[in-house]
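Notes follow the structure.
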Amino acid sequence: MNHSMKRLFCKSLCTAAAGANLKPPPADSAAIAKLILSSPTTAHQSLDEQFLLSSKTTPWTPQLVNSILKRLWNHGPKALQFFHFLDRHHHNYVHAASSFDLAIDIAARLHLHTTVWSLIHRMRSLRLGPSPKTFAIVSERYVSSGKPDKAVKLFLNMHEHGCFQDLASFNTILDVLCKSKRVEKAYELFRALRGRFSADTVTYNVIVNGWCLIKRTPKALEVLKEMVERGINPNLTTYNTMLKGFFRAGQIRQAWEFFLEMKKRKCEIDVVTYTTVVHGFGVAGEIKRARNVFDEMIREGVLPSVATYNALIQVLCKKDSVENAVVMFEEMVKRGYEPNVTTYNVLIRGLFHAGEFSRGEELMQRMEIEGCEPNFQTFNMMIRYYSECCEIEKALGLFEKMGSGDCLPNLDTYNILISGMFVRKRSEDMVVAGKLLLEMVERGFIPRKFTFNRVLNGLLLTGNQAFAKEILRLQSKSGSRLTRKFRL
DNA sequence: ATAGGGTTAG
């Protein structure tokens, strides 16, 4: 059953249920999100009349609210406006902890520090949290905006906000630091507190992975050794992490030896191990060895997963030929696998990269027919290729499609498209770039100074002085205006 | 949201 059929089927079922008075009519998060998006965005203005009216009869549930917040993820100001509206005006509805977590994440992405903390306090006064998850979200935001010390401090002070630290939250903060490449900082914290929290296999795995992520495999091996000495047993995850680390660091020979050692020691190697090796060899350009390992896994009775096929298809595109990748794709379908969005993205990219635009477009149509929704990567990648090849109309067409669909443009989309507006060096493209810049600010994204300057220069050079002035005004007050508008 | 495998860009 394809996607549109599924939707139809769902709809008729729901209508039947409502008609029979079995349950309240289902509220459609897509429709509500659209209504919110189409409300005017003037400052201090509440949501649209139409929305206000319909909100009175909408049976609000946390699931519905969360679904709407996710749809509005890339329009943070609207998402928060909606969240605050329900919080204030619907006294019979109280937000769930999970909705608070989403709102906190959105506010943190908009750098609305004050809003983040008032939400946390409100959550606490309603006795809904904050939970370890809330702290994980806020820490991650701190780390990704270049403030790892604040993240650590937050973890150390968690208990002051009514949330006690435990091994799980310790592992989480270490992982957050490692994933953002702040491995030295994580290692420092790990050494200071591993005794207090009785570090376990997960803790050590997080640290081993951290060193591997920054290609410092000797340090990772050191931690592995220490782990064994302290009586903490490494598991398959530990070894798979190490294996991936060798490939990432370009130590192909060591990776192969490590893999052989894993087999020799009768470690029950799994689909993840094999996928790591197939991908690792492929990225290193060793297509033949990648294929050999792929054949070996089937011989050994380890079933490849969609991820394994994705790895193989990707490396065929990059290091072999896109034609062979297409063959592999058809083979996986023939064997009964259902390609996912990553599969399509990898192959569409391969086709575009080879200049096979129409075949790439056909594949996108095919994915939609199969009920596989394109995501950010799909759109952003295609927009990037179209821009590079001066197909600005096609790039803009995809952008429109995102805005009207379930996948709102994100920060990358705006950056890619704005860059694309410079390839033709046309005056009218500069105006579009300026409009995109205004729109992205309105949606809560903060353009880099470079982007502002580039658009300003473009407008000035093409005689759009008045528009340039408008953008200059916006630049000077964009940050402060947002904070005032959405503070609780 | 406690850890490992596919999407980027050389």
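Per residue, chain A exposes 51 Å² of accessible surface when a 1.4 Å probe is rolled over the protein heavy atoms with every protein chain present. If the chain linking A:E268 and A:K425 were pulled fully straight, counting 0.36 nm for each residue of separation and taking away their Cα-Cα distance, it would gain 50.7 nm. A full extension of the chain between A:W117 and A:A354 corresponds to an added length of 80.4 nm, given 0.36 nm per residue minus the alpha carbon distance. Which residue, chosen from A:V183, A:I416, A:V277, occupies the Cα position most advanced towards the positive end of the dipole of chain A, where the dipole is computed from +1 (Lys, Arg) and -1 (Asp, Glu) charges on Cβ about the Cα centre? Value computed over the given set: A:V183. A simple spin-label model places the labels of A:E222 and A:H90 5.4 nm from each other, with each point 7 Å out along Cα-to-Cβ. Using a ≥ b ≥ c from the Cα gyration tensor of region A:405-488 (square roots of the eigenvalues), is it rounded, prolate or oblate, where a/c under 1.5 gives rounded and otherwise the larger of a/b and b/c decides, a/b for prolate? The shape class here is oblate. Using just its DSSP H runs of length 4 or more, each adding -39500 (n - 2.57), chain A gives a mean residue ellipticity at 222 nm of -22500 deg cm²/dmol after division by all residues.
Translational diffusion of chain A was estimated from the Stokes-Einstein equation, with Rh taken as the Kirkwood radius over Cα pairs; at 25 °C and 0.890 mPa s the coefficient is 95 µm²/s. The apolar share of the surface of region A:124-195, taken as the fraction of accessible area on carbon and sulfur atoms (1.4 Å probe, ligands and nucleic acids excluded), comes to 50 percent.
Each label point was placed 7 Å from the Cα along the Cα-to-Cβ direction; for A:V432 and A:Q63 their separation is 4.1 nm. The fraction of accessible area contributed by carbon and sulfur in region A:405-488 is 53 percent, rounded to a whole number (1.4 Å probe; ligands and nucleic acids excluded). Accessible area per residue (1.4 Å probe, heavy atoms of protein chains only) ranks A:R454, A:R424, A:R448 as A:R448, A:R454, A:R424, with the largest value leading.
Subtract the Cα-Cα distance of A:D412 and A:E362 from 0.36 nm times their separation in residues, and report this length gain in nm to one decimal. Kindly include the intermediate steps, with their values, before the conclusion.
Working: separation 50, 0.36 × 50 = 18.00 nm, distance 2.43 nm.
The span from A:D412 to A:E362 would gain 15.6 nm if fully extended.
To the nearest 0.05, how large is the calculated FRET efficiency for A:K449 and A:K133 if R₀ is 45 Å and r is the Cβ-Cβ distance? Could you put the intermediate results ahead of the total?
Working: r = 34 Å, r/R0 = 0.75.
Given R0 = 45 Å and the Cβ-Cβ separation, E is 0.85.
Using a Cα-Cα cut-off of under 20 Å, which aspartates and glutamates could be cross-linked to A:K264, ignoring same-chain neighbours fewer than 8 residues away? Candidates past the 8-residue exclusion: A:D295, A:E296, A:E300.
Computed with a 1.4 Å probe over protein heavy atoms only, the accessible area of A:H90 comes to about 20 Å². Approximating the spin labels as points 7 Å out from Cα along Cα→Cβ, the A:N233-to-A:E188 distance works out to 3.5 nm.
At a Förster distance of 51 Å, what's the computed FRET efficiency of A:S476 paired with A:K319, Cβ-Cβ distance as r, to 0.05? The partial results should precede the final answer.
Values: r = 48 Å, r/R0 = 0.95.
In this case the efficiency is close to 0.60.
The values are calculated or read from the model by the stated rules, or taken from the named source; none is laboratory data. Bear in mind the structure is a predicted one, so any value in this text is a computation, not a measurement. Quick reminder, even Gly has a Cβ in these numbers, built from the backbone with ideal geometry, and neighbours come from all protein chains shown. The area values use the complete protein model at the heavy-atom level, side chains included, leaving out ligands, DNA and RNA. Shrake-Rupley method; radii C 1.70, N 1.55, O 1.52, S 1.80 Å.
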